[in-house]
Amino acid sequence: MRPRPWTALLWFLLVTTLAVEPARATGLESQRGTVLVAGRPEVPPVLYVDSGTVTRVRFMDLVEPRALPGPEWQGRVEVAPFGERSLVVSPVKNLLEGERLLLPVTGRTEAGEPVTLTLALVTRKEVVDAEAWVTRAHVIPEPVANKDEVDAVARKLLASHEPGGGSPRLSLRVPGMKGATVPASGFRVWVESSLQVEGHLFVTVTLQVDRRNTRPWQLVRVRLEAGCPRGEGLPVRITSGASGRYQFHTFTTPMPEGAGCLGLTLEEDGPRTLLLEEVKVNP
């Protein structure tokens, strides 16, 4: 859906301010830097929107994203391209409680391959995404302990440093069984390790399902915030794997200089949220 010509300037002004004042006026928590996890058609990434806020959606793996809204969007939500890798989204009025609108997005990779993914828009009473990133998770096939797969991941980690800089400087921290605040029962989650390679941080988290009747965890949103107390979220890339009742997620981001700890929030499409606070990393 293209914005009408007379609204083009208004879109620009709204997006550059990211509607901070309207979000504050309505009492909503305005989040920036949440990462939406795409790649599974059965679980689309969830974007929190509000009629008082323009949301900027930034795509890490897509170039020239274009939205393909259906007829149910007419007169309800405006969406427009913004730059080479972004869309802006703003509801004319809030969605009903429990309602979600599906927004197909097309684009291409850096190599020119066509890509289509779908976002699920919802309205929450307490929070809105002023700015969010969308990334596609790389999934390692089971079994995750396969030596070839583990070696391949290790090679990718070590190859991530800047070329021509000699041997990469490594900083590895193994915090042990530091657990998470888990409002929903049936899970144990902890940080396995944090690895820094030439300014890039790799945080590996293990999640264990304790109860056999607990439905599988489906990661759809991530917030990795540098510093304690936590600040604005950082863009991350995700590598995931599973083995039996265990899941493994490695989150990769350029680490701000001097940050000695971070906070990590893992969200499902539903009420289950996992919170890891004051995760120490080597400076």
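Scanning region 91-110 for residues that are open to solvent by less than 40 Å² (accessible area, probe 1.4 Å) and either more than 15 Å from Ala38 (Cα to Cα) or assigned to a loop (DSSP other than H, G, I, E, B) (or both) gives Pro91, Leu95, Leu101, Thr109. Restricting the first member to region 70-86 and to residues that are closer than 16 Å to Leu96 by Cβ and open to solvent by less than 10 Å² (accessible area, probe 1.4 Å), and the second to residues that are hydroxyl-bearing (Ser, Thr, Tyr) and in a strand (DSSP E or B), the beta-carbon pairs closer than 9 Å and six or more apart or on different chains are Val77/Ser90. In the set (1) in contact with a Ser or Thr (Cβ under 9 Å, 6 or more places away or on another chain); (2) loosely packed, with under 13 Cβ neighbours inside 10 Å; (3) under 30 Å from Gln247 (Cβ atoms), the condition left unmet by Glu113 is number (1). Set side by side, the residues Glu198, Glu268, Glu232 differ, and just one is touching a Ser or Thr at 6+ places or on another chain (Cβ under 8 Å) and either under 21 Å from Glu29 (Cα atoms) or surrounded by fewer than 20 Cβ atoms within 10 Å (Cβ to Cβ) (or both), which is Glu198. Would you be able to say whether some residue in region 207-223 is open to solvent by 40 Å² or more (accessible area, probe 1.4 Å), charged (D, E, K, R), closer than 27 Å to Val57 by Cβ and out of contact with any helix residue (DSSP H, G or I) (no Cβ under 7 Å at 6 or more places or on another chain)? Checked region 207-223: no residue is open to solvent by 40 Å² or more (accessible area, probe 1.4 Å), charged (D, E, K, R), closer than 27 Å to Val57 by Cβ and out of contact with any helix residue (DSSP H, G or I) (no Cβ under 7 Å at 6 or more places or on another chain).
Listed conditions (1) without any contact (Cβ under 8 Å) to a residue 24 or more places away in the chain; (2) on the phi > 0 side of the Ramachandran plot are all met by Gly33, apart from (1).
The values are calculated or read from the model by the stated rules, or taken from the named source; none is laboratory data. Nothing here was measured: the structure is a model prediction, and the numbers come from that model. Glycine gets a Cβ as well: all are built from the backbone with ideal geometry, and neighbour counts include every protein chain shown. Accessible surface is based on the protein model in full, side chains and every heavy atom, while ligands, DNA and RNA are left aside. Shrake-Rupley method; radii C 1.70, N 1.55, O 1.52, S 1.80 Å.
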